[in-house]
Amino acid sequence: MSELENGHQNDMMAVSVSLHESEVIVKARRRSLLVVRRLVMLVLLAVAWLRVLASSEPPAPPEEEAELRTATELFRRAASHRINGEIFVRGTRALVPWLDRLGGGLSSLVLVNVRKLEVAGVLDLEPVLATERRDGRFEKDDSATTATLWNGRVLGFIARFLDEILEADSLNTDLSLAARAAYKATLERHHPLYVRTAARAILSRLPDARTLFENRLGYPPDTWDTRLRADLDSLKTALDTFLIALKAALQRHDHVL
C-alpha cells in the first residue's frame, strides 16, 4: 500500500473515531438532559403537592363525631339571657342520632318534645312560657312548657351521665352503672314507680363502652383519652351552661326543671 493510501485510511479512521465520539457525547448529553427534565418534573410535582397540603382543610371528622360537635356548638349558642328556642330545638335534635346509638329509648322521648316545639314555632322561648302560664295551658301535654321541661330534664340526665363517664379512671367504664347513677340523680324523681322500674331495667341493658364508642360512634380506642374525652367534655360543658340558663328561665315562670 502506498504512503498516500495509508494516509487516506488513517484520515478515514480518525473521522470514524471522531464521529463515534460525537455520537457518544450527543447520547450522553441527551441522557443528562432527560435526567434534568425528570428532576425538574419531580420538583414541580413536589411543590404542587406541598401547596395543596398547605391550602387544604383538615379531613372532616366521621359523621358521628360531627354530630356531637354540632350539638355542642348549638347548645353553646342557645345559652343566653333569653333562651333561643330555635337553637335549643336544633341542638336537642342533633343529639338524637347519638341517643339512638346509646339506646334505651331516650331518642324517641326527645323527638316527641322536639316536634311539639317545632309545631309551636318557638324562637324566643320565654314569651311562650309566660303566655302558657297566663292562659293555664302550661300543664297540657301538647304545650311548649311541657315539652321544654321534659327535654330539659333529659338533657340534665345526659349531662350527669357524661359526668359519670368522665369521672371514671378510664372511659372503658360500665356505661349501665353510669346511666343508672345519672338517672337516680336526675329523672327518677319525676317518674312514678312503674316508670322507674322500667327505666332501671332498660338502662341496665345499655351497650358496653367498646360497642358504643368504637363500633357505634367511630372512636378507635387509642383516641379515647384524647379526642373522645375532649368531645364528651366539651358537650358536657355546653350542656351544663345551657341548663343553668334554662333553669333560670323556667324559674322566672314558676317552673322547676
- Query: Is one or more of the residues making up region 186-196 modelled with pLDDT of 95 or more and either over 22 Å from Thr146 (Cβ atoms) or assigned to a loop (DSSP other than H, G, I, E, B) (or both)?
  - Reply: yes
- Kindly establish whether Asp208 is touching a residue at least 12 places away in the same chain (Cβ under 8 Å) and either among the acidic types (Asp, Glu) or exposed (fewer than 14 other Cβ atoms within 10 Å of the Cβ) (or both). yes
- Message: Looking at region 217-245, I want the residues that are within 19 Å of Ile83 (Cβ to Cβ) and surrounded by 15 or more Cβ atoms within 10 Å (Cβ to Cβ) and have a partner that is among the β-branched types (Val, Ile, Thr) and modelled with pLDDT of 95 or more with Cβ atoms under 7 Å, at least 6 apart or on another chain. Which pairs are those?
- Response: Leu239/Ile158
- Query: Filtering region 77-88 down to residues that are under 12 Å from Leu155 (Cβ atoms) and in a helix (DSSP H, G or I), which residue is modelled with the lowest pLDDT?
  - Reply: Ala78
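The values are calculated or read from the model by the stated rules, or taken from the named source; none is laboratory data. Note that the coordinates shown come from a computational prediction; the quantities given were computed from them, not determined experimentally. A quick note on method: Cβ atoms are made from the backbone with ideal geometry, for glycine too, and the neighbour counts reach across all protein chains shown.
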